[in-house]
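First the structure, in the form of C-alpha cells, and then the observations on it.
The values are calculated or read from the model by the stated rules, or taken from the named source; none is laboratory data. This structure is a prediction, so every number in the text was calculated from the model and none was measured. Every residue, glycine as well, gets a Cβ built from its backbone with ideal geometry; the counts of neighbours run over all protein chains shown. Note: accessible area is taken over every heavy atom of the protein model, side chains too, but ligands, DNA and RNA are not part of it. Shrake-Rupley method; radii C 1.70, N 1.55, O 1.52, S 1.80 Å.
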Amino acid sequence: MADSFDGSVDGGSQSDDSYHLERTHVEPIYDAFVCPLTKQVMRDPVTLENGQTYEREAIEKWLKECKESGRKLVCPLTLKELKSTELNPSIALRNTIEEWATRNDAAQLDIARRSLTLGSSERDVLQALNYVQHIFRKSRSNRHYIRSAELIPMIIDMLKSSSRRVRCKALDTLRILAEEDSDNKEVIAEGDTIRTIVKFLSHEQSKEREEAVALLYELSRSEALCEKIGAVNGAILILVGMTSSNSENILTVEKADKTLENLEKCERNVQQMAENGRLQPLLTLLLEGPPETKIAMAAYLGDLVLSNDVKVFVARRVGSSLVNVMRSGNTQSREAALKALNQISSSEASAKVLIEGGILPPLVKDLFTVGANPLPMRLKEVSATILANLVNSGYDFELVPLGPEHQTLVSEDIVHNLLHLISNTGPAIECKLLQVLVGLTSAPSTVQNVVVAIKSSGATISLIQFIEAPQKDLRVASIKLLQNLSPLMGQELTDALRGTAGQLTGLIKVISETNGVSEEQAAAVGMLADLPERDAGLTRQLIDDGAFQVIISRVIQIRQGETRGGRFVTPYLEGLVGVLARLTFVLADNSDAVALAREHNLATLFTDLLQSNGLDKVQMVSAMALENLSQESKRLTQLPEVPEHSLCASIFPCFSKPPVITGLCPIHRGRCSLKDTFCLVEGKAVGKLVACLDHTNVKVVEAAIAALCTLLDDDVDIEQGVNILCEVEGIKQILDVMLESRSEILRQRSVWIVERLLRTDDIAYEISGDPNISTALVDAFRHGDYRTRQIAERALKHVDKIPNFSGVFQAIG
C-alpha cells in the first residue's frame, strides 16, 4: 500500500524525530534538511563560517566538547579548523523545512484519517494512531488541525475495535490528545464516549483498565466534565472499588484515587462517593464547606445506609459539629443535623460516641421546649427517634447530667415530662417516646427509677390503654414497656387490666393471631406470663375470655412444627407456657380450671414440654406446673369403696378374707390417671422429672426436684414414693443434687427428700457408708436455715451420725 507507515507500531521505543525519518514521506526528505550530526530533520538550523549547516543544539554540543577536551575547534563535516564559533541562524532553510513538514504532516494525517476505520488492518490502525500521537506532540498548531479534521471521533470509534491492542492504543491516544487541551477534552466527552470509557474499567484485561482510568483522570481535570463523568451510571462506584482493590496495579489505584479527588469538585459526585463507601469528601464538605453545602451534606448523610463501623467513624468525625448545629442553628440546619444524627445514632457504639459528645442535653431540651421557638413537631419526632436510639445503646444514663441541676434522663421529673409528652402528642412521637421508656426499663440500673416515676405520676392506666392503639408500632412499644415493668409492677398492671375494658381482650387477640409469630405477640404473651400467677381474678377473666384454649392450641401448633416465626418463636412459646401454668395455681379453688386441665390433658402436655431441650424457661415452668398438678392429685384421687361384709363373714370374721382391690395408685391409694387426677406416677412423668435433675440450669433443677417432693409428702404413701424413685433410678440423681448444693433452695429440697429416703432401712444402710453423703448432711446441719438444720438432723440420725435420744427419753419416761 503506497499510503502507509513504517516503524514500530507501538511507537514508544524511539524518539519523535527518528520515527519521523523512518516513515515513508509523501514528499521526500531533502539532504539539506538533515543535520550531518543527528541525521534528523533540523528544527533550528544554523550555519558556520564555512557555510556548513547543523542543528543548533547539536553543533553547540560539538563545539563545547572540543573546548573541554582541548581539541581544536573544527567543522565536524570538513574537519577544518574554525576561526570563529559564531552561529548564524538559517531562517530561509528553517522556513522551508517548516513548510515541507506542514505539507507532509497534512498528507500523513490524511493517510492516518483514511486508516482509522474498523475495516483497516490492525497494523495500519496502530501506525495511524502512533502518528497522531507524534504529530500532536510535535507542535501546538497541529492540535487545531487534528481537531478540525475530526480525527478525534474517528479515534473514539476505534474503541469498538475487536483488537485489544487497537482499543488500548486508542485509549492512550485520546489521553494524549486530552493532555493540557481543554478543547480536546470537550470533543472527547461529546456523546456517549465517557460511558464507553467507563465500561473499560470493568474489563478483564488490566491494560485496558489502566488506559481507561488514565484517560478518565485527564478528563476529570476539567471541572466542566466532572459532573458528566459522575453522571455515568456506575462510574464512581467502579472507581471507588478500584481504590480499595488489592489486585489492581498500584499505579492504576493511584490514578483512580486522583480521578476521584478531581471529581470531588462536584457536590453530586461527593454524594455518590459517600453512597458507595467513600465518605471522607462528604464529611470534609460538611465540616468545611459553605453553609448551604454543609446543610446539603448533612441532609444527604441522613439518607445514607451505613454499616455500624462506618457510623462510629462518622460519629467521631462530625458528631460534635452536628450537635453544635442542634444547639445554635436555624430550623433548616437543625433539621439537616437531626436527620444525620438519626442515621448515625442507630448503632450501639456510635450512639455512645454521640452521648459522650454531649448530644443528650440539647436533644432533651428540643423535645420538652414549648412556647417561643419550639422545634416543629415533625422534627420532635426525629429527636424522639434519636433519643430512642441512644437509650438502646446500654449507656448508664444516671451518669449523664442534662443541665446545671444535675438531672438525668431517669430523674423523676424528666420521666414525668416524657410521660406527659406521650399523652399529648401524635402516634409517631408517642411510639418513639415509648421506645425510650422501653430502653430505660430494659436496663437493671434504671428500671427502678422509671417504675417510681410511673407510679408517682399515676400513668399506669394511660400506658395500658395503648394496647388498643390501631398503629402496630405503637402497640408493640407499649406492650414491650409493660412487659419490662411487669416484674416490678405486676400487681398494679394486673389490677389495671382487670379494671379496664378491652385491654385484656386486646392482648388475647394479639396472642391468638396465626400468621406466624411476631414481636408483638411474643411481647404480649411475655407480659401476661410475668404477671402474678396466683391472682385468681385475672386467671378467672382469662378463663372467661377463652384465652387458655387459644394458648393450648398455639403451644400444640408450635410443638408440631406448624408455626413459623423465626427469632420470636422461642420467647412466644415461653410466654404461652408461662400463661398456661397460671391454671395450675388456682386448681384448688376453681372447678373451671380443673375442668380445663382435664379436657385438654394439661398434665401430659407439661410432661412432654419437660423434654424441650434448649428451652430452659419452658422446662422450668412445666416442672412448676407439674408440681402444682401433683399437689392436687391427693384431693382429686378417687378412693375405692370397700364392699360390705356378708352376713356369714360378720358372724365368723375369722373365716373371711379382706377384699382385694386392684388398679390402685401406690402413692395415692386410689384410682388415678394423668389426665383426670394429674398423677405423676400414672403419667410416667417421674422419670422425665428425674432426667431434669442433671440440667445445667439451676432453676430447672429446683423446679424438677420440687415436683418430685410431692411424691414423698405426708399425705401420700412415702414408702411407695421411695420405691417409685428407685424404679426410675432417681435416688443417685437426688443424692448428687444434694452433694453439689448449687443453690440454697436445692440444698433445702434435696435434704428434705434425702431425709425421707433414709426412712427406708435398706437405703439408710447403703448410704451410711458413703462419707460424702454424711459430709453433705453435716454441712446442711451446720450452715442451713433453721428448717433445713432440723431436717438434716433427722437425716443424720437415720444414718447414726447423731444419737437418737428420743427412744431413751421414752424408756426413762
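Scanning segment 749-762 for residues that are in a helix (DSSP H, G or I) and basic (Lys, Arg) turns up at least one hit. Checked against (1) part of a helix (DSSP H, G or I); (2) modelled with pLDDT of 90 or more; (3) not basic (Lys, Arg), residue 696 passes all but a single condition, namely (1). The set of residues from segment 705-759 being open to solvent by less than 10 Å² (accessible area, probe 1.4 Å), farther than 15 Å from residue 680 by Cβ and among the hydroxyl-bearing types (Ser, Thr, Tyr) comprises just one member, 750. Just one residue in the set 450, 415, 438 is modelled with pLDDT of 90 or more, in contact with a Lys or Arg (Cβ under 7 Å, 6 or more places away or on another chain) and hydrophobic (A, V, I, L, M, F, W, C); that residue is 438. Looking at this structure, is residue 188 touching a Ser or Thr at 6+ places or on another chain (Cβ under 8 Å) and surrounded by 16 or more Cβ atoms within 10 Å (Cβ to Cβ)? Against the criterion (touching a Ser or Thr at 6+ places or on another chain (Cβ under 8 Å) and surrounded by 16 or more Cβ atoms within 10 Å (Cβ to Cβ)), residue 188 does not qualify. With respect to the conditions (1) at pLDDT below 90; (2) open to solvent by 20 Å² or more (accessible area, probe 1.4 Å); (3) not charged (D, E, K, R), residue 467 falls short on a single one, namely (2).
Listed here are the residues, each with its yes/no results for (1) open to solvent by less than 50 Å² (accessible area, probe 1.4 Å); (2) modelled with pLDDT of 90 or more; (3) within 21 Å of residue 138 (Cα to Cα).
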{"residue": "10", "(1), (2), (3)": "no, no, yes"}
{"residue": "28", "(1), (2), (3)": "no, no, yes"}
{"residue": "46", "(1), (2), (3)": "yes, yes, yes"}
{"residue": "88", "(1), (2), (3)": "no, yes, no"}
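Within segment 575-599, residues that are surrounded by fewer than 20 Cβ atoms within 10 Å (Cβ to Cβ) sit with their Cβ atoms under 9 Å from residues that are at pLDDT 95 or above and among the small types (Gly, Ala, Ser), at 6+ positions apart or across chains, in these pairs: 585/625. Do you know which of the residues in segment 418-430 that are of a type outside the set (A, V, I, L, M) and surrounded by 18 or more Cβ atoms within 10 Å (Cβ to Cβ) is farthest from residue 454 (Cα to Cα)? Ranking the candidates gives 425 first. Where residues in segment 34-76 are among the aliphatic types (A, V, I, L, M) and part of a loop (DSSP other than H, G, I, E, B), which of them is farthest from residue 99 (Cα to Cα)? Here the answer is 73.
For residue 553, the conditions (1) surrounded by fewer than 21 Cβ atoms within 10 Å (Cβ to Cβ); (2) under 26 Å from residue 488 (Cα atoms); (3) of a type in the set (S, T, N, Q) are fulfilled apart from (2). Hey, among 380, 294, 339, which residue is open to solvent by 70 Å² or more (accessible area, probe 1.4 Å), under 25 Å from residue 418 (Cα atoms) and more than 18 Å from the chain's Cα centre (by Cα)? It is 339. Could you tell me whether residue 331 is out of contact with any Cys (no Cβ under 6 Å at 6 or more places or on another chain) and either touching a residue at least 60 places away in the same chain (Cβ under 8 Å) or open to solvent by 40 Å² or more (accessible area, probe 1.4 Å) (or both)? Taking the combined requirement at face value, the residue satisfies it.
Restricting 724, 753 to residues that are under 24 Å from residue 793 (Cβ atoms) and β-branched (Val, Ile, Thr) narrows the list to 753.
Among the residues of segment 442-456, those identified as open to solvent by less than 10 Å² (accessible area, probe 1.4 Å) and either acidic (Asp, Glu) or under 18 Å from residue 392 (Cβ atoms) (or both) are 446, 450.
The set of residues in segment 196-210 being within 14 Å of residue 245 (Cα to Cα) and crowded, with 16+ Cβ neighbours inside 10 Å consists of 201, 209, 210. The number of residues in segment 389-417 that are buried (at least 23 other Cβ atoms within 10 Å of the Cβ) and either of a type outside the set (Val, Ile, Thr) or touching a strand residue (DSSP E or B) at 6+ places or on another chain (Cβ under 7 Å) (or both) comes to 4.
Yes or no, residue by residue, for (1) among the β-branched types (Val, Ile, Thr); (2) within 17 Å of residue 54 (Cβ to Cβ):
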{"site": "74", "(1), (2)": "yes, yes"}
{"site": "88", "(1), (2)": "no, yes"}
{"site": "92", "(1), (2)": "no, yes"}
{"site": "113", "(1), (2)": "no, no"}
{"site": "123", "(1), (2)": "no, no"}
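Please find, among 283, 287, 304, the residue that is of a type in the set (A, V, I, L, M), surrounded by fewer than 20 Cβ atoms within 10 Å (Cβ to Cβ) and part of a loop (DSSP other than H, G, I, E, B).
Of the residues listed, the single one that is of a type in the set (A, V, I, L, M), surrounded by fewer than 20 Cβ atoms within 10 Å (Cβ to Cβ) and part of a loop (DSSP other than H, G, I, E, B) is 304.
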